[in-house]
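The structure under discussion appears below in the form of structure tokens.
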Amino acid sequence: MKHIRTALFAPGAKARVMAKALESGANAVILDLEDSVPILAKAEARALVAQAIDGTAALPAAMRPVITVRTNAVATGLLADDLAAAVRPGLDAIFLPKVETVDEMKDAAALLERLETAKGMAAGTVGIVPMFESALGVMRCYELARATPRVSATCIGSARDGDLQTDLGCGWSIEGTELLYARSKILLDSRAAGVHALDGVFSDLSDEAGFIQDCTLSARLGYIGRTVIHPKQIAPARRAYAVSEADAAYYRRVVSEFEAVEKTGASAAITVDGKLVDYAMYQRAKRVLEWARLDGR
């Protein structure tokens, strides 16, 4: 999946909100058919989401975010109707909530394959982002992330008072202690499966300082970005997850100085700013600089 620091949720039943989300500057937009849509409004929301996806064709390529849809979970029986409306040219991925079994992943992938064929889309066009919102889902993250090549990223449901917290029966704090293991496991399993992980939403829109603190912890753990619920969260999240100017400058020195010494054949270990640099640190530096370039550093 494209470089994502922020993925903004927009209720599928609200056309104006979806239109604003698509122009918000978020790296990705999640047109929501699940929790933000009442049961009686599901059919109308599907039609509005389809219209919103069709409308993205008019957006300049440079302005077009990654277009995704959060469907309802497989167990609800609503997934087939959700996908029938959402799968169309312009859709990049679906966020699949409350995933717990490999069969759920494979069923979703099979539905996508049939719909892509029916809509004249190339096979594999639409990715899947499994959302881990239960103890069982977290425990099975690696196998679920490996269930289909369509998995383009993962996402943990780390929201305060959300499904995962409810299932675990744990508390919540800004220090993040209670969900630290779950967040770490999702990150570890996702990277072992070869995909990146997105963190969940921070629901208190009045607490910007807390949001930044939570993003900072998330970025330190290794998350590349997160889902957000309001445009005002986009800029602080981007800053928190982006490679800092200081880090970019340091790693540029690491690459430059290491390569200069390596070319002489004199050594494969040097010091930069008093820190040891060998091939492992050199590879880390190159990885960070790849992200820095994507952040415009």
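Selection of the stretch 218-268 for residues being of a type in the set (V, I, T), open to solvent by less than 60 Å² (accessible area, probe 1.4 Å) and without any contact (Cβ under 8 Å) to a residue 12 or more places away in the chain yields only V261. Within the stretch 202-211, the set of residues being open to solvent by 30 Å² or more (accessible area, probe 1.4 Å), within 20 Å of E133 (Cβ to Cβ) and not small (G, A, S) comprises just one member, D204. Filtering the stretch 1-19 for residues that are open to solvent by 60 Å² or more (accessible area, probe 1.4 Å) and in contact (Cβ under 8 Å) with a residue 60 or more places away in the chain leaves a non-empty set. Scanning the stretch 103-124 for residues that are within 23 Å of the chain's Cα centre (by Cα) and at positive phi gives a single hit, G124.
Yes/no matrix, rows are residues, columns are (1) closer than 26 Å to L48 by Cα; (2) surrounded by fewer than 20 Cβ atoms within 10 Å (Cβ to Cβ); (3) touching a helix residue (DSSP H, G or I) at 6+ places or on another chain (Cβ under 6 Å):
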| site | (1), (2), (3) |
| --- | --- |
| L79 | yes, no, no |
| D82 | yes, no, no |
| G90 | yes, yes, yes |
| E100 | no, no, yes |
| E113 | yes, yes, no |
| V126 | yes, no, yes |
| V138 | no, no, yes |
| G157 | yes, no, yes |
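Here the stretch 34-49 is the region considered, the condition is being of a type in the set (D, E) and open to solvent by 50 Å² or more (accessible area, probe 1.4 Å), and the residue that is farthest from V74 (Cα to Cα) is E44. For the stretch 269-296, the candidate set comprises residues that are of a type in the set (D, E) and open to solvent by 70 Å² or more (accessible area, probe 1.4 Å); within that set, the residue that is nearest to A62 (Cα to Cα) is E290.
Every condition in (1) in a helix (DSSP H, G or I); (2) at pLDDT 95 or above is met by N72 except one, and the failing one is (1).
Residue-level analysis places A52 outside the set of residues that are open to solvent by less than 10 Å² (accessible area, probe 1.4 Å), in contact with a strand residue (DSSP E or B) (Cβ under 7 Å, 6 or more places away or on another chain) and of a type outside the set (F, W, Y).
Flag not set for V99, criterion: touching a residue at least 12 places away in the same chain (Cβ under 8 Å) and over 21 Å from E143 (Cα atoms).
Contact map, the stretch 43-56: first residue at negative phi, second residue part of a helix (DSSP H, G or I) and open to solvent by less than 30 Å² (accessible area, probe 1.4 Å), Cβ cut-off under 6 Å, separation 6 or more or different chains; pairs are R46/A85; V49/A86; A50/A85; A52/M18.
The values are calculated or read from the model by the stated rules, or taken from the named source; none is laboratory data. Computed from a predicted model, the values in this text were never measured in an experiment. Every residue, glycine as well, gets a Cβ built from its backbone with ideal geometry; the counts of neighbours run over all protein chains shown. Keep in mind that these areas ignore ligands, DNA and RNA; they rest on the heavy atoms of the full protein, side chains included. Shrake-Rupley method; radii C 1.70, N 1.55, O 1.52, S 1.80 Å.
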